[in-house]
1. Could you compute the FRET efficiency for R559 and D124, with r as their C-beta to C-beta distance and R0 at 60 Å, rounded to 0.05?
2. Go through 464-475, 118-129 and give me the packing order, highest mean Cβ count within 10 Å leading.
3. Expressed as a whole percentage, what fraction of the accessible surface of the chain belongs to carbon and sulfur atoms when a 1.4 Å probe is rolled over the protein heavy atoms?
4. Over what distance in Å are the Cα centres of the range 118-176 and the range 457-483 separated?
5. Please report the antiparallel percentage of DSSP beta bridges with both residues in the range 504-589, rounded to the nearest 5.
6. Using a 7 Å offset from the Cα along the Cα-to-Cβ direction at both E354 and A278, what is the distance between the two label points in nm, to one decimal?
7. Stretched out fully, how many nm does the piece from V156 to D365 gain, at 0.36 nm a residue minus the Cα gap?
8. How big is the dipole moment of the range 455-537 about its Cα centre under a simple scheme where the beta carbon of each Lys and Arg is +1, that of each Asp and Glu is -1, and everything else is neutral? Debye, nearest 20, please.
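The values are calculated or read from the model by the stated rules, or taken from the named source; none is laboratory data. These numbers come from a predicted model, not from an experiment. Positions of Cβ are generated from backbone atoms using ideal geometry, with glycine treated the same way; all protein chains shown enter the neighbour counts. Each accessible area value is taken on the protein alone, full model and side chains, heavy atoms only, with ligands, DNA and RNA left out. Shrake-Rupley method; radii C 1.70, N 1.55, O 1.52, S 1.80 Å.
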Amino acid sequence: MKKNVFVRSVRLVLRDEPRIFMMIPVCALLDAAFPYIGIIFSARLLTELTLGKDPGMLFFYAGMLAGLTFIGMLLKNAAGQYLDVLYYIEMKRIVQSICEKSWRLDYSMFSDNALRNRIQSMSDWIYWQGPIAAVQKLQGMIRHILSLLASIAIMVTLVTARAQGDDIIASCLNSFMFAAVFLVGFAIRTVVLIRNDIKTNALGAEITRKKEKHIGRFYDLVWASCGDYKRGKDIRVFSAADLLLDRIGQTLGEVKRLDIKSRTSEAKKDIFGDITEAVFSLAVYLLMGLKAFYRAFGIGSLIEYTGMVSQFSSSVSGMISVFADFIANTQYLNMYFEFMDMKECEANGTKIPEIKDGISLEIKDVTFTYPGTQSPALKEVSLTIGRREKVAFIGTNGSGKSTLVKLICGLYRPDSGQICLNGVPIDEYDRSRYRRLISAIFQDYSLFAFSLGENVSANSEYDSVRAEKALKMANFGRRYADLKDGLETPVSVYMDDNGIELSGGEEQKVAIARCHYKDAPFVIADEPTAALDPISEAGIYSNLFENVRDKTGIFISHRLSSCKMCDRIAVFDKGRLVEFGSHEELSSAGGLYEKMWNAQAGYYV
């Protein structure tokens, strides 16, 4: 166990929801005491029925049994339900903490499949293992200890009750060695059960780790085939259902194989536990039966002792199970806290960007290779973008344009070289302050299943006038006029049945409106009009360039007509910057840009 993971769990829950620790002893005491109501008063009833001396006492014990059972059940259920609500609230906080931690981690870290699988796996087991489970096991241990102490106190009278008679059986029943042998046998049983439970639970935790990768793939495949309805077109047109089902079956087969292994181990543990429980119970009931036969106690006491022994055995088994679960849960605690302790970013400076005179960007000999790949996506790229200058990045697919944009945004860091904003390396800036300077329209932009206004502003609180203006600048005005709920209109039906489904072009316009709304001094547009018709494209570029007149801008587009609106053009090929200049300079330079320009212009001749 890594140091203090249990203590950290207790501190975490105590900090977030201290009422849990106020309710734990209450619930543990009520749970432990409740069974003894039936045990004690049932024995008293039976004794009164057997002796038949006082009918009033019979009614008294019957009334006490019924009344205390009702009150005890009422209190136990009310306290338990209240505690469950507190657990639920804290569980949601823990899940939220995992989400928040994920957002604070470097974007580049998510290139690692193992990290993505870990987060997916945690979202699956965090509800039944982890910090909350550790506290629940503490509650269970307290309950079983209280029950055990109560049953031991009464069982002492069972062991010390003297059998009547002078034969060898009565002598054995009354001897100290008989009780000692019984206790030694019980101790051996306890140790064996603990060892068996710990071994089984450790195997279960190991299997959970192995399942991480397969569970992540399974959810991804299910989402791709069922959850994302947009993919349904390709699935149907290309009859890809069998392919997806085959892959889902293979992935699920691995999960099932590991589950079978885990369940088999659990079944062996349960069978072994049942056998030892049966042997122990047989020995105890034989002891009680012999003592009752030799008149050590009456028939009512026999019922009481039987219940006490059952509670004693149940408490010990429960403690063993809780202890084994506690040991196994430490592995989940380690996984949770390992994730929460991950270094959030490789570099986060403290400088605040000064942008009074605008933004300039200098890229110095930048080389970058994506994690898990061999060939660099960028090779020794150097260029300078002046204040308020608009530069177009063009090149064939995979030439490194979007990669350089991600590096400029600080989503990845170069393997070598440096990116400077206003002469200062961007790693020296405070990360959040630096990103406030950038409005970006990514090629793989994302909309959220929230309201239109929240999508435009990326915030739950926003300026409605500003949001509407941004939508009009993105040529979304005509569609917006048809929305009866305006900015409150839900985007998609995932979160609201009254939501609207936007076309690809309309979604892209909302993404562009988000860029206008932020109104940052540095604008990056990666294929901002790929899904738009020529008329919409012309209007959007006109508004976009008008909006960035006094700003620095980078524009990526395969439609070279937009390049004429930029001050200079950077041409990429196979990860290298091969040309850099104005449209007039490059269109007659005999290089790659001229070839691309002439090839695209040929479609309009």
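1. Numbers: r = 44 Å, r/R0 = 0.74.
Calculated value: 0.85.
2. Details: 464-475: 19.8, 118-129: 17.7.
Put in order of decreasing packing, that is 464-475, 118-129.
3. The nonpolar share, carbon plus sulfur, comes to 58 percent.
4. For the range 118-176 versus the range 457-483, the Cα centre distance is 65 Å.
5. Taking every DSSP beta bridge within the range 504-589, about 50 percent pair in antiparallel fashion.
6. Rounded to a tenth, the inter-label distance reads 8.4 nm.
7. 67.0 nm
8. 320 debye
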